[in-house]
Structure formats: C-alpha cells, structure tokens
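For reference, the structure is listed below as structure tokens.
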Amino acid sequence: MAEEMTKKRMLSGIKPSGDLTLGSYLGAVKNWAELAEDYECFYFMADLHAITVRQNPADLRRRTLEQLAQYIACGLDPEKNTLFIQSHVRQHAELGWVLNCYAMFGELSRMTQFKDKSAKNADNINGGLFTYPSLMAADILLYQPDLVPVGDDQKQHVELCHTIARRFNGIYGDVFKLPEPFVPKVGARIMSLTNPTAKMSKSENEDTGRVLLMDSPDTIMRQFKRAITDSDTENCVHFDRENKPGVSNLMTIYAACTGKSFDEIQAEFAGKGYGVFKPAVGEAVVETLRPIREEATRLMKDKAYLESVYRDGAEKAGFVAEKTLRKVYKKVGFVPR
Ligand code: TRP
C-alpha cells in the first residue's frame, strides 16, 4: 500500500467511436501494459467524448464493452490498472463544465482537431465538439497524473489542458498538477496501409487501410498484401520515412510485432523485395493479434466479469476524482451540500 502512494500516476483514454486498430494497439495499449509496474495507471473508455460525433447507440454500447475486453486481452490487468467507463464517473462531466468556464473561445477555436472534425461533420458542428478539450482537461486533471500517454494528434489538447490548469491555479492557488504529455517513440504512429502519410484511423472503413484488433487472419493478410509500397524502382526494404513512407510504416509494424531492429529487418529481406516483405508483415501481425482476438472474444462472453471490472474501476476512479472535484467546488465558491 505504502508503495502505491509513492508510485507516479498515469492516465489515458480512447474513444469507443470505432473499433480498436493495430495502430491503437502498437501505438498505445501495448506500451501501457508495460507501465503497470512503475505507475499507478488509470485507463478509460471515453464514451462522453464519443458522442461529440453521432453514434449508433447499440454500436456504442458494444464497442465500449469490447474496448474494455480488448484492453484486458492486450495485457492491462484489472488487478494492477484501474479500468473504467468515463460516463460512470460523473465527476468528469462536472469538472468538464467548470473548466469550460476557464477555457477561452479563441483557444478552443484554434484546436486542429476541432477544425478537422468540423470540416468532416459539417452538419453536426455541435457544442460538445467545440468544448471537447475542456472535458479532456477534466479527465486528466481529476486524477492529478504525472504523465498522460497520448498519440501526437492529442498533444495540442494536453497543452490546452496545461493552459487551463495554469489559469485556474493562477486564480485559486495550486489546485491542479500540470501533467506532461508522453508520446511513446516506438510505434507512436502507425499509418494507414493504403495512405501511409495519414494515421491509421479507427473511425474509417476497411478501404482506408486499417487493420482492426478483431480482424480475422484472412482479412489481415488481404490488407497487407494490398498495402501501398512506394513507387521507387529499387523494390528494396529500407527505412526512409520521408521518401519511402509505405515501406517505412510496414517496417515499423514488423519491428513492433517481432522485436527486430530496422537493421535486422533490412538484412532479413535483402534482395527479396516487397512481394515477399508484405505477406511476412501480415503473418507477423496475424500472430501478434491472434491471442488478443481469442482472449477478447472469450471475455466478451463473460459479461459478469466485465461488469465486475468496470464497477470496481469506476469506484476506484470516482474516489480519486471526487477529492479533486470537491477541492475545485470549494475554490470556485460553491456552497457545500
Ligand atoms: N481525445 C483522446 C483521443 O481521441 C481520448 C481522450 C479523452 C483522452 N480524454 C482523454 C486521452 C484524456 C488522454 C487523456 O484519442
């Protein structure tokens, strides 16, 4: 117990707005699983954030549970990590409201994600999409974490969280700890297989070159066989992010799945060309994902177990979150109930 108290704290979340991809696994969840020894970790399904884009309710419910099952199957042991569903811990929405009052219109307007999503959802540019970063700041600040692992597309949001926290602390004293974004180096960014200059996205369809954690081996192999390699004439497996983004992305994936270095991979495929390399990457991915898919499928049938995990998680998270929220309510001048 005493050890728990001194561990550094870490928190992250993923929106259940699409099924988890190979990119979510290699870029995020796989790295999280290794942190549990050194950090006190909180991970959640960001369902409140998911509804900033219209969701089919049945799909959202299924994906939220499936994401939990997948987290566990990827190695996030619920005994060592606090796993919860964002909407179960009402303090997120409550602090989110308060922080809205300390986030400026101009700041929220400048968020790249808001601009991108507004362009993509022109018929539904709602208030939640706009204030998404205040809720995300609440997610983070409630837990006073030392580190917040995020993809590089979320760094701007963590920076705004900083700005909001500093502003609040400037008025009321040291209420919030300022978190550091933590963008893991290896596999930090897995790109689309068909458009290797864009991140592998969970919210798009199969034709966008994404591989899902739950995809069958056949589907995975098909995706890798049609992966874009680069239009250079050398047909040579060689890492060069700038000029060979397709091959470099495949090398990153292969390295992450096999633990081999880029030099080892170059040697392994010397003189063999892309036609041999692509199915080899596919095979490595199939074998990496197989145990995860099987375990997640098994867990999805055990609803009672999943329920016990998210209940415990919400209870633990709520306890920590409530402490911060109480402090905030007191500072801003709300009458205690
Ligand atoms: N916005 C993040 C994403 O789309 C998900 C998220 C919500 C999150 N709240 C968070 C990540 C707090 C880290 C910390 O991926």
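Some observations on this one:
- Residues located in the stretch 266-302, provided they are at positive phi and open to solvent by 40 Å² or more (accessible area, probe 1.4 Å): GLY271
- Index of the failed condition, GLU34 passing every other in (1) modelled with pLDDT of 90 or more; (2) surrounded by fewer than 24 Cβ atoms within 10 Å (Cβ to Cβ): (1)
- Looking only at the stretch 136-162, and only at residues there that are part of a helix (DSSP H, G or I) and more than 18 Å from LYS115 (Cβ to Cβ), the one that is farthest from the ligand (Cβ to nearest atom): HIS162
- Test: residue in the stretch 145-155 that is farther than 30 Å from TYR39 by Cα and more than 14 Å from the chain's Cα centre (by Cα): no
- In the stretch 107-156, the qualifying residues are those that are aromatic (Phe, Trp, Tyr) and open to solvent by less than 30 Å² (accessible area, probe 1.4 Å), and the one that is farthest from LEU325 (Cα to Cα) is TYR132.
- Check on ASN243, polar (S, T, N, Q) and buried (at least 18 other Cβ atoms within 10 Å of the Cβ): no
- TYR25, sole failed condition from (1) assigned to a helix (DSSP H, G or I); (2) within 30 Å of MET221 (Cα to Cα); (3) more than 14 Å from the ligand (Cβ to nearest atom): (3)
- Taken as a whole, the stretch 28-47 holds no residue that is near the ligand (Cβ under 9 Å from one of its atoms), under 16 Å from the mean Cα position of the chain (by Cα) and of a type in the set (S, T, N, Q).
- Filter result (open to solvent by less than 30 Å² (accessible area, probe 1.4 Å) and at pLDDT below 95) within the stretch 159-181: PRO179
- Residue in the stretch 68-90 that is touching a helix residue (DSSP H, G or I) at 6+ places or on another chain (Cβ under 7 Å), of a type in the set (A, V, I, L, M) and surrounded by fewer than 19 Cβ atoms within 10 Å (Cβ to Cβ) present: no
- Any hit, the stretch 228-237, residues being touching a strand residue (DSSP E or B) at 6+ places or on another chain (Cβ under 7 Å) and assigned to a loop (DSSP other than H, G, I, E, B): no
- Flag for ARG62 being under 28 Å from ARG290 (Cβ atoms) and either within 14 Å of the ligand (Cβ to nearest atom) or without any contact (Cβ under 8 Å) to a residue 12 or more places away in the chain (or both): yes
- Filtered residue count, the stretch 120-179, keeping only those that are in contact with a strand residue (DSSP E or B) (Cβ under 9 Å, 6 or more places away or on another chain), in contact (Cβ under 8 Å) with a residue 60 or more places away in the chain and under 25 Å from ARG54 (Cα atoms): 5
- Within the stretch 300-332, being among the hydroxyl-bearing types (Ser, Thr, Tyr) and under 30 Å from ILE171 (Cα atoms) holds for THR324, TYR329.
The values are calculated or read from the model by the stated rules, or taken from the named source; none is laboratory data. Since this is a predicted model, take the numbers as computed values, not measurements. Counting neighbours? That spans all protein chains shown, and the Cβs are built from the backbone with ideal geometry, glycine included. Note: areas computed on protein heavy atoms with side chains; ligands, DNA, RNA excluded. Shrake-Rupley method; radii C 1.70, N 1.55, O 1.52, S 1.80 Å.
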